[in-house]
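Some notes on the structure that comes next.
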Amino acid sequence: MADVMTDLDPENMPRSPGLTYQDLLDQDSRPVPDVLRLQSPKDLGHREYPVSRYTSKEWHDREVEHLWLKVWQMACREEDIPEPGDHLRYDIAGMSFLVVRTETGEIRAYPNACLHRGRMLKEFDGNATELRCPFHGFCWKLDGSLSDIPAGWDFPQIDHATFSLPSLPVATWSGFVFINPDRHCEPFDDFIKDLAMLFERWDLGALHKASHTAKIMQCNWKIAQEAFCEAFHVNATHPQILYNLGDVNSQVDVWENCARVITPSHTPSPLMEGSVSEAELLRSIMGLPHDAEVPPLPDGMSPREFLANQRREMLRPVAGHLVDEYCDAELVDSHDYTLFPNLHPWAAFNGIVYRFRPNGLDHRSCIMECIMLAPFSGERPPSAPVRWLAADEKWSSALGFLGKVFDQDAFNMPKVQLGLESTYQTGIVLSGYQESKVRWLHHKLTEWVGE
Ligand code: FES
Ligand SMILES: [Fe+2]
């Protein structure tokens, strides 16, 4: 039975004692945009979701059939294939697709398979004037129409006019290229409309891909993804950032195809029970030793405003007037959105994008990626290539401070997989509010995949 999702009254529902995120916004030094004033908490019940969603090959096979082969999914950035002939291989759940920029600048997607005897057309990303199969040399133009069959006299059954590569649905939004393996899928505009409404103010298409890091993680893709869907784990997994992160002040909002968790920064965790002084907060944010002098703040200025101003000046050379239009909350907080099933674009200049997907047909490992988007001035810099981390390479070797936090998250992941393989429980237990993005993900999975 599908769960029912109903609206909750944000003013009258269980929440952490102390400041709400909206209270913090009231203290912002700049006008706060309407999109941050929206609140969309949902009641998704308190049911447990089956452990088999993480551990069972049978569930994974159903996920492939009913989700990955049916849903709109981000394949790449437009800037990854800027020139005619640029092509990129996108693999999902044992299938491979080719995303191609044609002569006219259009983006097309094809199954990465030759129509002769099925060899994959391209193993690697690159640029080509045509799509020629390395096995026997059948060749298609970039637009998918057939251009050549070696010894074509031997294939009288083939009609050249119709022997084209099957074109799959493609759409773009905010610089991302989406494909759908299902040629009878729902219109992309319907699929993206909630997220597009929420991002009207932030054009991620105007940012460039500054880095792209990927690693195979030894856990189901949902275990990795769910580690980034709530701030509740910060107290146990990342205690070092409690001094300056309002973890349980987070606001969680759910719409149909997307959800968000906004976690305020530069404010101490309510779990520290008022024991953090302003100096400790500033030292923690600035990474200073515990006895270091901290700069005095101008009269009446909060640490959030002070640090937002610092960030404004840092970004001004590349982001221009936008830094003055954005409020403090946009400059300092974590605005983590998730588009079902697996894309996490952060808002404003957060610049972070996560993607999680199964590693081929193995339901006990996944591919976790972190793309960093950044503002730029002048000509768009070239798109950063993917850097694959080896099994023994840490996220911090590629992503600095953020990577250190990831390493703490990553340390949990295989242990969650093993724990779920070993548990005598039949379901996972979720909190009502703070973990409602995880609950929303499972609510959607029930809709798409079943129980
Ligand atoms: S399999 Fe591609 S040309 Fe034969
Ligand atoms: Fe984390």
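So which trypsin sites (Lys or Arg not before Pro) in region 185-233 end up in coil per DSSP with only 15 or fewer other C-beta atoms within 10 Å?
Here the sparse-neighbourhood loop sites are Arg201.
Restriction of the GluC sites (Glu not before Pro) in region 332-430 to DSSP coil positions whose beta-carbon has at most 16 other beta-carbons within 10 angstrom yields Glu379, Glu393. Membrane-span-like helices in the chain, defined purely by DSSP H runs whose alpha carbon atoms cover 20 Å or more axially and whose average Kyte-Doolittle hydropathy reaches -1.0, are 303-319, 396-422. Listed from fewest to most Cβ neighbours within 10 Å, the set Asp194, Asp148, Asp34 follows the order Asp34, Asp148, Asp194. With the simple model of a label 7 Å out from the Cα in the direction of the Cβ, Met95 to Asp299 spans 6.5 nm. Pairs of Cα atoms in region 73-179 fall into 5 Å distance bins, from 0 up to the last occupied one, in shares of 2, 13, 24, 25, 17, 10, 5, 2, 1, 0 percent.
The Val386 and Thr104 beta-carbon pair, evaluated with R₀ = 25 Å, returns a calculated FRET efficiency of approximately 0.40. Pairs from the table (Lys222/Lys437; Lys57/Lys444; Lys209/Lys444; Lys42/Lys415; Lys222/Lys404; Lys70/Lys415) lying more than 23 angstrom apart at Cα are Lys209/Lys444; Lys42/Lys415; Lys70/Lys415.
For region 152-183, the residues whose amide N sits under 19 Å from a probe point set 7 Å from the Cα of Ala128 along the beta carbon direction are 152, 163-168.
By the rule of a C-alpha distance below 20 Å, with chain neighbours fewer than 8 residues away ignored, the lysines paired with Lys122 are Lys141. Dividing the helix sum by the residues of the chain, where each DSSP H run of 4 or more adds -39500 (n - 2.57), gives a mean residue ellipticity at 222 nm of -7500 deg cm²/dmol. DSSP loop chymotrypsin sites (Phe, Trp or Tyr not before Pro) in region 361-451 with at most 16 other Cβ atoms within 10 Å of their Cβ, which ones? The qualifying sites are Phe376, Tyr424.
Ordering 339-352, 273-286 by mean Cβ neighbour count within 10 Å, with the highest value first, yields 339-352, 273-286.
Take the eigenvalues of the Cα gyration tensor for the chain, scale each by 5, and report the square roots as semi-axes in whole Å, largest first.
Rounded to whole Å, the semi-axes are 42, 26, 20.
With the simple spin-label model, which puts each label point 7 Å out from Cα in the Cβ direction, the Glu58 to Asp143 separation comes to 4.9 nm.
Bear in mind these aren't lab numbers, they're just calculated from the coordinates by the rules spelled out. Fair warning: this is a prediction, and the values are worked out from it, not measured in the lab. Every residue, glycine among them, receives a Cβ derived from its backbone with ideal geometry; neighbour counts consider all protein chains shown.
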